Amino acid sequence: MEFYILDSDGTKVDILQNVSSIQWHTAYYTTGTFEIHCKATESNLAYLRDGYRIWNTDTNEIGFVRYTYPSIDMEGHDELEIHGYLDNLDLRINPTMSSVKNVETDLYALVEKNKRDLDITCAAVKGLTATVDHDTTWESLRDSFQAICQEVGYGYRMLKNGNTLNQIELYERGLNENVKFSDKIGNIQAQSFLRDTSDYYNYAYVAGAGKSDERYVIEIDLRKNGEPRRELYVDAKNVQRTYTDANGKQQTYTDDQYHQVVYNYGYSKLMEHRAKSEFECTVNSNDSLYTYRKDYFVGDIVPTESVKYGINTKMRITGANLVIEDSTKVNLVLEEIE
């Protein structure tokens, strides 16, 4: 596995070297990240900075450098710490009203509509069939991708595809019963299980346009299995009854359209306050049964068992953190399927 440094035009300017640690976190329906620690050589200081990218030749993922921190310790050792994201979708927002029905075609259309000279391309349409009823405006492309992909169970990634740089691709992973992670069979090592409801809400009052008692208010109920109500107030006064269309003309929603727009806004806010249920484990690097990116991939739904924490269910691999230091290990994040 090698990592190359690319300039903003996609030209290879150097190979990543003099490195003490790489953490490359691939995510499924959220944005992946990376963290690199290396010597502060002349080359690394020149190329590992904002505007440059890291190309992971094993996964073809592209990492965008956003944070650099050179330092010298008390013994005179130079170090450079770099952080970044595995997409650049946060750099563009959608300033007009756009409807997403067919997830694949409409999210790609959202990118094409709003890229405004951003160096990003869309992959070829594969025929993914998921549909939603989602209207978006004044939202970053990243926020739109994350919310909708999480809703339908799709992943997205930004890749170098041949000579095409920064290609955004939607994809879907499903059930993989050929792999099992279990402390009982000994193929996981360190493990933890997080159950966090401190910021969880399942019922929203969403207040749209209007003043005082005349505000347009709807209620959204996402309770399951008779669970108690946990209420959230969502201020949607910025969601007005008029909007600017793609041609720059003012339009007015019908009552049904406005209801759906306010609902979608409130629903997206509720999704920001979901209960967290995450199982994290370090995979045995000497496991002869299952190999990362050969037998299982980020996005797979796999049987998962922890005798320690009483888990025995199918969970989705929502993240994999590849840690390359003196040795190589993979830390997985798995989430319960709702």
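The values are calculated or read from the model by the stated rules, or taken from the named source; none is laboratory data. Here the structure is a predicted model, which is why all the values come from computation and not from measurement. All Cβ positions, even for glycine, are placed from backbone atoms using ideal geometry, and neighbour counts span all protein chains on display.
Things worth noting here:
- Of Pro95, Pro70, all but one fail to be touching a helix residue (DSSP H, G or I) at 6+ places or on another chain (Cβ under 9 Å) and either within 30 Å of Thr252 (Cα to Cα) or crowded, with 20+ Cβ neighbours inside 10 Å (or both); the exception is Pro95.
- Selection count where residues are within 17 Å of the chain's Cα centre (by Cα) and closer than 17 Å to Asn44 by Cα, scope the range 64-113: 5
- Scan of the range 163-211 for residues that are under 21 Å from Glu336 (Cα atoms) and of a type in the set (Lys, Arg), ordered by number: Arg173, Lys180, Lys184, Arg195
- Count - residues of the range 220-232 that are modelled with pLDDT of 95 or more and in contact with a helix residue (DSSP H, G or I) (Cβ under 9 Å, 6 or more places away or on another chain): 2
- Restricting the range 102-150 to residues that are of a type in the set (S, T, N, Q) and without any contact (Cβ under 8 Å) to a residue 40 or more places away in the chain, the residue that is surrounded by the fewest Cβ atoms within 10 Å (Cβ to Cβ): Thr129
- Cβ separations smaller than 9 Å between residues 6+ apart or across chains give the following pairs from the range 191-216 residues that are on the phi > 0 side of the Ramachandran plot to residues that are among the β-branched types (Val, Ile, Thr): Gly210/Val217.
- Of the residues Ile317, Ile311, the single one that is in contact with a strand residue (DSSP E or B) (Cβ under 8 Å, 6 or more places away or on another chain), under 17 Å from Gly153 (Cα atoms), surrounded by 16 or more Cβ atoms within 10 Å (Cβ to Cβ) and among the β-branched types (Val, Ile, Thr) is Ile317.
- Residue check, Ala123 of a type outside the set (Asp, Glu) and more than 20 Å from Thr26 (Cβ to Cβ): no
Matching residues to (1) over 17 Å from Asn94 (Cβ atoms); (2) in contact with a Phe, Trp or Tyr (Cβ under 6 Å, 6 or more places away or on another chain); (3) buried (at least 18 other Cβ atoms within 10 Å of the Cβ); (4) not assigned by TED's automatic domain parsing to the domain that holds Ala109:
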{"residue": "Tyr216", "(1), (2), (3), (4)": "yes, no, no, yes"}
{"residue": "Glu227", "(1), (2), (3), (4)": "yes, no, no, yes"}
{"residue": "Lys237", "(1), (2), (3), (4)": "yes, no, no, yes"}
{"residue": "Asp245", "(1), (2), (3), (4)": "no, no, no, yes"}
{"residue": "Gly266", "(1), (2), (3), (4)": "yes, no, yes, yes"}
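- Tally of residues being of a type in the set (Ser, Thr, Tyr) and farther than 20 Å from Thr318 by Cβ across the range 254-284: 5
- Of all residues in the range 83-95, those that are assigned to a strand (DSSP E or B) and touching an Asp or Glu at 6+ places or on another chain (Cβ under 7 Å) total 3.
- Single residue of the range 198-214 satisfying the filter (loosely packed, with under 13 Cβ neighbours inside 10 Å and within 17 Å of Arg274 (Cβ to Cβ)) that is farthest from the chain's Cα centre (by Cα): Ser198
- Screening Val125, Val132 for residues that are assigned to a strand (DSSP E or B), over 28 Å from Tyr4 (Cβ atoms) and outside the structural domain of Tyr253 (by TED's automatic domain parsing) leaves exactly one candidate, Val132.
- Only one of Gly299, Gly248, Gly319 that is more than 26 Å from the chain's Cα centre (by Cα) and over 30 Å from Glu219 (Cα atoms): Gly248
- Strands (runs of 3 or more DSSP E) fully within the range 1-82 counting 1 or more residues that are within 30 Å of Asp143 (Cβ to Cβ): 3-6, 19-27, 33-38, 53-56, 62-72
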